[in-house]
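Engineer: One structure, pasted below without further comment.
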Amino acid sequence: MIEVIKKVFTLDTWKVILPAIGDTLFMTVFTTVLMAIFGVLLGVALFLTQRDGLRPLRVFNAVFGAIINALRSLPSMVIIILTMPLAKLIVGKSWGPAAVIIALTLTCVPMFARMVESSFLEVPRGKVEAAKSIGARTWEIMFKVVLPESLPSLIRNFTIAIIAVISVTALAGFFGAGGLGDVAVRFGWNRFLTHMMVAAVLVLIVIVEFVQIGGDIWAKHVVRKRHL
Amino acid sequence: MSNNAFIRIEHLYKTFSTQKEQIEVLKDINLEIEKGDIFGIVGFSGAGKSTLLRCINRLEEPDSGSVFVGEQEITALAHDELLAFRRKLGMIFQQFNLLDSRTVRGNVSFPLEVARLNRADIARRVDEILELVDLSDRISFFPGQLSGGQKQRVGIARALANDPVVLLSDEATSALDPQIALSVLDLLRSINEKLGLTIIVVTHQLEVVKYACRHIAVLEAGSIVEQGSVAQVLTNPTSDTMQVFVKVNSNLTAGALTEGSGI
Ligand SMILES: Nc1ncnc2c1ncn2[C@@H]1O[C@H](COP(=O)(O)OP(=O)(O)OP(=O)(O)O)[C@@H](O)[C@H]1O
Ligand SMILES: [Mg+2]
């Protein structure tokens with residue numbers, strides 16, 4: 001036990017861990033940015049087109065919702081395999097961190113889109129009606145009422161979504177993308193190098209804590225500023 | 001009625017369909033409201049008061065019938081024209097419906113941004129209107145820092161910001177304690193006098209009618225059962241609704257007005 005702990009803090013261990021941290025962060029940051037952009041766009045589309053939404057489009061909403069649900073029901077692993085040809089087309093190869101980002105994004109965008117939609121739905125109808133009553137245009141209601149009013153909830157959901165991104169990056173290791181999850185499996189599990197596993201898991205825990213605390217501070221800051 | 005009716009509602013019908021049933025909420029509503037009036041719409045809960053009010057700015061789309069404001073037939077407006085019309089109309093709500101993400105200044109600016117005024121004009125107008133509702137010293141506060149009465153005054157300021165021709169009020173004083181409610185009604189009365197604004201007040205409280213309105217219409221299960229000047233209707237109520245209202249009201253002692261009859 002003590003041996004293992006000692007080994008966790010040796011140079012050799014960190015020679016493996018440090019590049020893995022780089023890979024994990026690379027995948028996380030890229031996927032998060034793409035997830036934020038497309039998740040918000042799709043969330044807005046879902047919110048606007050619902051039955052009693054600001055721009056109801058029943059067929060679009062139903063089809064679109066079904067696609068999102070289908071993507072959400074597929075295991076990330078399956079999505080990675082299915083997107084390999086696509087990745088090859090876009091980044092030139094079907095493996096490595098860049099290739100895997102497409103699959104990660106496809107996994108995380110539908111989830112975040114639903115989170116964004118549900119944050120928007122929490123905004124009291126009366127506020128939207130008040131905006132309508134003064135003749136606000138749909139985009140004004142969206143960007144001056146619904147989005148800012150739901151900001152604390154959006155931030156909390158975003159935090160949860162980033163943490164989900166970090167956890168799916170672990171899968172990417174199977175496709176040569178590296179990362180901490182990969183280290184934990186390849187060294188820790190396959191080669192019985194427990195200290196590698198411990199080190200990788202420790203770093204993952206620290207990253208996740210960091211994201212969660214950051215998100216909490218941000219959300220609380222917004223709430224406090226508004227005196228809610 | 002009079003020839004100078006400013007708001008005319010003709011043969012208005014509205015039905016809500018739920019999965020199980022069709023609820024006929026408004027049945028053949030006919031109304032005329034003069035310019036500069038404070039007009040009350042009263043009735044029991046569920047009578048259709050809010051629905052009628054919301055048909056005037058088409059927050060609710062009537063099934064048939066027409067609404068005229070001035071020369072315009074509101075029920076015939078295309079979407080863009082409707083938005084333009086709404087910018088000339090203010091609405092206040094029981095739950096205030098202010099934006100928590102904006103300060104008092106930001107809330108009152110909102111309709112002016114929508115109306116595409118430039119920044120300097122917005123700033124000037126916001127100062128002016130906050131002066132009118134006596135909230136100049138709270139301009140940088142968020143709604144979360146205001147009392148109910150102050151919130152409703154911000155709501156009124158927002159509704160008045162773009163110089164509306166009509167103000168719609170849906171139970172605007174129902175969530176406030178009697179004293180504060182009285183001060184909000186005073187504010188509405190003084191705005192009515194100063195600006196000549198036509199105000200339509202939905203309420204289930206006779207005190208509000210007595211204190212603020214000149215004419216009323218009584219709504220009972222989706223139909224107007226009685227209308228006229230307040231004095232006329234109160235001294236000689238003919239509808240069941242109004243007889244109950246007047247009876248309950250006269251059973252209350254005079255003191256009850258300030259002790260929680262909830263103006
Ligand atoms: N969106 C809706 N869908 C279905 N039924 C509705 C809807 N809105 C209102 N109703 C029904 O219409 C009737 C009238 O409602 P409305 O809100 O106009 O009443 P009200 O007179 O304003 O009552 P209150 O004093 O309680 O506010 C009620 O029976 C209500 O259940
Ligand atoms: Mg109502």
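The values are calculated or read from the model by the stated rules, or taken from the named source; none is laboratory data. Keep in mind the model is a prediction, meaning the values are calculated, not measured. Positions of Cβ are generated from backbone atoms using ideal geometry, with glycine treated the same way; all protein chains shown enter the neighbour counts.
Engineer: Can you tell me which residue in the range B:41-55 is farthest from residue B:216 (Cα to Cα), limited to those that are surrounded by fewer than 24 Cβ atoms within 10 Å (Cβ to Cβ) and more than 6 Å from ligand 1 (Cβ to nearest atom)?
Structural biologist: Checked the range B:41-55; the qualifying residue farthest from residue B:216 (Cα to Cα) is B:54.
Engineer: Mind counting the residues in the range B:22-40 that are more than 8 Å from ligand 1 (Cβ to nearest atom) and free of Cβ contacts under 8 Å to residues at least 24 places away in the same chain?
Structural biologist: 1
Engineer: Looking at the range B:234-254, can you tell me whether even one residue there is of a type in the set (Lys, Arg) and in contact (Cβ under 8 Å) with a residue 24 or more places away in the chain?
Structural biologist: no
Engineer: Check A:103, A:99, A:113 and return the single one that is under 11 Å from the mean Cα position of the chain (by Cα), crowded, with 23+ Cβ neighbours inside 10 Å, away from chain B (no Cβ under 14 Å) and outside any loop (DSSP other than H, G, I, E, B).
Structural biologist: None of the others qualify; the one that does is A:113.
Engineer: Then there's this: Looking at B:115, B:120, which one is within 8 Å of chain A (Cβ to nearest Cβ), out of contact with any helix residue (DSSP H, G or I) (no Cβ under 8 Å at 6 or more places or on another chain) and of a type in the set (A, V, I, L, M)?
Structural biologist: B:115 is the lone residue from the list that is within 8 Å of chain A (Cβ to nearest Cβ), out of contact with any helix residue (DSSP H, G or I) (no Cβ under 8 Å at 6 or more places or on another chain) and of a type in the set (A, V, I, L, M).
Engineer: Can you tell me which residue among B:90, B:65, B:46 is away from ligand 2 (no atom under 16 Å from the Cβ) and either at pLDDT below 95 or within 14 Å of another protein chain (Cβ to nearest Cβ) (or both)?
Structural biologist: Among B:90, B:65, B:46, only B:90 is away from ligand 2 (no atom under 16 Å from the Cβ) and either at pLDDT below 95 or within 14 Å of another protein chain (Cβ to nearest Cβ) (or both).
Engineer: Of the residues B:29, B:7, B:33, which is part of a strand (DSSP E or B), within 16 Å of ligand 2 (Cβ to nearest atom), at pLDDT 95 or above and on the phi < 0 side of the Ramachandran plot?
Structural biologist: So the residue among B:29, B:7, B:33 that is part of a strand (DSSP E or B), within 16 Å of ligand 2 (Cβ to nearest atom), at pLDDT 95 or above and on the phi < 0 side of the Ramachandran plot is B:29.
Engineer: Counting only residues that are within 11 Å of chain A (Cβ to nearest Cβ) and among the acidic types (Asp, Glu), how many does the range B:137-182 have?
Structural biologist: 1
Engineer: Within the range A:18-27, which residues are touching a helix residue (DSSP H, G or I) at 6+ places or on another chain (Cβ under 7 Å) and either crowded, with 22+ Cβ neighbours inside 10 Å or free of Cβ contacts under 8 Å to residues at least 40 places away in the same chain (or both)?
Structural biologist: Hits for the range A:18-27 are A:20, A:23, A:24, A:27.
Engineer: Suppose we filter B:176, B:234 for residues that are in contact with a helix residue (DSSP H, G or I) (Cβ under 8 Å, 6 or more places away or on another chain), at pLDDT below 95 and part of a helix (DSSP H, G or I); which single one remains?
Structural biologist: Answer to the check: B:234.
Engineer: Between a first residue in the range B:161-184 that is closer than 10 Å to residue B:89 by Cβ and a second residue that is in a strand (DSSP E or B) and within 16 Å of ligand 2 (Cβ to nearest atom), which pairs have beta carbons less than 6 Å apart while being 6 or more apart in sequence or on different chains?
Structural biologist: B:168/B:91; B:168/B:200
Engineer: So, one more: Out of A:181, A:176, which single residue is surrounded by 19 or more Cβ atoms within 10 Å (Cβ to Cβ) and closer than 21 Å to residue A:81 by Cα?
Structural biologist: Only one candidate passes the filter, namely A:181.
Engineer: Looking only at residues that are touching a residue at least 12 places away in the same chain (Cβ under 8 Å) and among the charged types (D, E, K, R) in the range B:89-126, which one is nearest to ligand 1 (Cβ to nearest atom)?
Structural biologist: Checked the range B:89-126; the qualifying residue nearest to ligand 1 (Cβ to nearest atom) is B:100.
Engineer: If a residue counts only when it is under 29 Å from residue B:25 (Cβ atoms), which helices (runs of 4 or more DSSP H) contained entirely in the range B:65-154 have at least 1 such residues?
Structural biologist: Correct list: B:79-86, B:104-114.
Engineer: Give the residue, chosen from B:228, B:155, that is more than 16 Å from ligand 1 (Cβ to nearest atom) and within 15 Å of the chain's Cα centre (by Cα).
Structural biologist: When all the criteria are applied, what remains is B:155.
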